1. Residues in segment 257-275 that are touching a helix residue (DSSP H, G or I) at 6+ places or on another chain (Cβ under 7 Å), open to solvent by less than 60 Å² (accessible area, probe 1.4 Å) and either within 30 Å of residue 365 (Cβ to Cβ) or free of Cβ contacts under 8 Å to residues at least 12 places away in the same chain (or both): how many?
2. Residue 169 passes all but one of (1) open to solvent by 10 Å² or more (accessible area, probe 1.4 Å); (2) assigned to a loop (DSSP other than H, G, I, E, B); which number fails?
3. If you go through segment 276-304, how many residues are of a type in the set (Gly, Ala, Ser), outside any strand (DSSP E or B) and surrounded by fewer than 19 Cβ atoms within 10 Å (Cβ to Cβ)?
4. Report yes if some residue within segment 205-225 is open to solvent by 10 Å² or more (accessible area, probe 1.4 Å), part of a helix (DSSP H, G or I), free of Cβ contacts under 8 Å to residues at least 40 places away in the same chain and aliphatic (A, V, I, L, M); otherwise report no.
5. Could you tell me how many of the residues in segment 28-50 are within 17 Å of the chain's Cα centre (by Cα), open to solvent by less than 50 Å² (accessible area, probe 1.4 Å) and of a type outside the set (Val, Ile, Thr)?
6. Here are 316, 301, 324: which of them is of a type in the set (A, V, I, L, M), within 20 Å of the chain's Cα centre (by Cα) and within 16 Å of residue 379 (Cα to Cα)?
7. Just one of (1) surrounded by fewer than 19 Cβ atoms within 10 Å (Cβ to Cβ); (2) among the hydrophobic types (A, V, I, L, M, F, W, C); (3) under 27 Å from the mean Cα position of the chain (by Cα); (4) under 21 Å from residue 406 (Cα atoms) trips up residue 492, so point out which.
8. Restricting to segment 517-535, name every residue that is crowded, with 22+ Cβ neighbours inside 10 Å and assigned to a loop (DSSP other than H, G, I, E, B).
Amino acid sequence: MPVDAVSLEVFKNLLASVAEEMGVALGRTGFSPNIKERKDYSCALFDPHGNMVAQASHIPVHLGAMPASVAAALEGFDFDPGDIIALNDPYLGGTHLNDVTLVAPVFAPPSSFLRRQEPRQTGRIDEAVHPEGNRRANGRGGRSREALVGFVANRAHHADIGGMTPGSLPRSTELFQEGFIIPPLKLVRAGEVNAEVVALFCRNSRTPDERRGDLAAQIAACRTGERRLQEMVERYGWATVREHESALLDYSERLTRAAIRALPDGDYSFSDVLDDDGLTDEPVPIAVTVSVRGDAMTLDLSETAAQRRGCVNAPLAVTLSAALYVLRCIVGEAAPSNQGILRPVAVVAPEGSLVTPRPPAAVAGGNVETSQRITDVLLGALAKALPDVVPAASQGTMNNVLVGGHQDAANRGFAYYETIAGGMGARPGADGLSAVHTHMTNTMNTPIEALELYHPMRVRSYRVRRGSGGDGQFRGGDGVVRDTEFLAPAVVTVLAERRRSAPYGLQGGADATPGETVLLKDGVEEVHLPPKVTLDVAPGDVLSIRTPGGGGWGKPA
């Protein structure tokens with residue numbers, strides 16, 4: 001099948017549908033509320049070189065960072081049908097330790113070659129192997145191999161993976177305090193699950209049954225993607241699928257270059273701050289200069305703060321993820337969501353900075369909070385080049401709440417994790433939306449019924465925080481208020497931002513109202529908490545999360 005406009009659109013949707021079906025399988029078979037209800041997972045497809053060629057409409061911070069994990073999984077391994085690599089190391093393409101990535105190779109059956117001779121293997125995985133006449137030695141001895149079509153991968157947030165506090169997003173000072181570190185390893189070898197690895201993984205969690213169930217769901221999602229991709233190759237042929245994967249990457253690159261070419265050449269700078277690093281009250285600056293030259297762009301983060309002792313450091317994969325997300329917003333929906341979008345862009349992020357830390361710097365909050373601020377500064381800079389396109393700042397935080405403890409006489413442990421919605425920034429021509437997840441997070445909320453069923457907690461109030469959006473020609477969206485009562489003793493960690501710095505307005509619009517985190521003792525006493533805090537709570541205590549709104553856009557009439 002030759003590549004033309006019609007076939008390109010067909011394969012764009014075919015490949016994306018495989019990733020979407022993987023997500024459906026993962027969500028329906030997940031064990032924990034975090035997977036079943038919040039949908040805190042992402043799925044994508046990769047070519048044999050490890051380039052992301054399609055993704056589902058899942059979580060931006062997961063998807064943009066996933067190619068680095070796949071590259072780490074590909075390094076040092078030979079693959080057989082049925083293998084699955086697992087990893088979560090933030091310094092090998094991960095985000096934070098809770099996000100466990102599974103990568104599975106997909107091989108094509110011989111019938112898909114349609115009697116056409118294909119390229120021979122020249123490296124470890126650089127080109128697929130023709131099944132006829134090509135043998136390669138591996139750990140099981142030489143044997144005939146099928147063609148490597150590519151890889152399917154998924155990433156899921158496990159609600160507890162050990163570490164110094166329940167939920168595994170502590171106010172840490174080094175990676176080792178954050179939980180169980182998994183370097184790339186074969187979780188499944190030729191279809192056989194490594195039971196010892198699973199046992200070790202589950203033993204390092206406060207909620208082992210949840211971990212076992214969610215890991216099994218991730219494996220099932222890989223198998224779903226593998227089957228669907230093989231069916232596609234069986235129908236259209238290996239060469240046709242490979243050809244269209246390559247064409248889709250090139251197409252995204254062309255559309256991105258066209259979008260950059262439409263910008264005025266120049267240098268556009270913007271800076272903002274994190275409230276703190278979780279250990280001190282000192283603001284942490286993040287600054288970028290976006291340089292546009294013709295159809296290429298450079299994102300220079302050299303003026304950003306050095307890495308911090310606290311947990312707000314963002315691994316390079318997370319920084320690239322924010323860059324990919326912002327570019328995706330600028331290019332528009334016409335471009336397929338794949339790695340070709342990043343080809344015209346250079347990211348300058350010096351090693352040892354907040355956005356490219358050296359191991360073993362703590363990174364628990366970098367994935368969830370610093371990624372949001374990187375997005376804010378990139379959009380703030382591009383607003384100078386596209387003043388009538390870029391919206392004001394959204395809430396700029398995920399409002400991470402983690403609760404854990406023992407919920408009954410049987411000493412059963414529980415771990416609860418939630419990211420809480422806020423206000424969207426106003427847009428040119430429209431108000432911002434209220435009570436939504438924005439930018440780097442794209443999860444659902446945990447329904448109150450599910451939260452109260454699984455955990456010793458009761459939601460007292462859940463409502464829109466009226467008036468928290470910034471004023472302007474178009475108003476920013478409002479945040480929410482979520483008051484949760486604890487029914488058992490527990491340890492609570494909150495990692496949040498925009499408590500001291502406000503989401504900015506644009507083009508004369510007003511800033512939004514910052515968020516608040518408040519503890520009510522005995523239902524009356526209010527204790528205002530810092531943006532990042534860990535504390536013990538007793539039955540009857542109420543935690544009130546009051547999230548920021550979005551900035552306003554344009555001068556008020």
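The values are calculated or read from the model by the stated rules, or taken from the named source; none is laboratory data. Please read all numbers here as calculations on a predicted model, not as lab measurements. Glycine also receives a Cβ, built like all others from the backbone with ideal geometry; neighbour counts cover every protein chain displayed. Surface accessibility is based on the protein's heavy atoms, side chains included, excluding ligands, DNA and RNA. Shrake-Rupley method; radii C 1.70, N 1.55, O 1.52, S 1.80 Å.
1. Here the count works out to 5.
2. (1)
3. Number of matching residues: 2.
4. Checked against the condition, which is being open to solvent by 10 Å² or more (accessible area, probe 1.4 Å), part of a helix (DSSP H, G or I), free of Cβ contacts under 8 Å to residues at least 40 places away in the same chain and aliphatic (A, V, I, L, M), segment 205-225 yields no hits at all.
5. So the count comes out to 9.
6. Working: 316 fails: within 16 Å of residue 379 (Cα to Cα); 301 fails: within 20 Å of the chain's Cα centre (by Cα).
Unique residue meeting the criteria: 324.
7. (1)
8. Within segment 517-535, 531 is the sole residue that qualifies.
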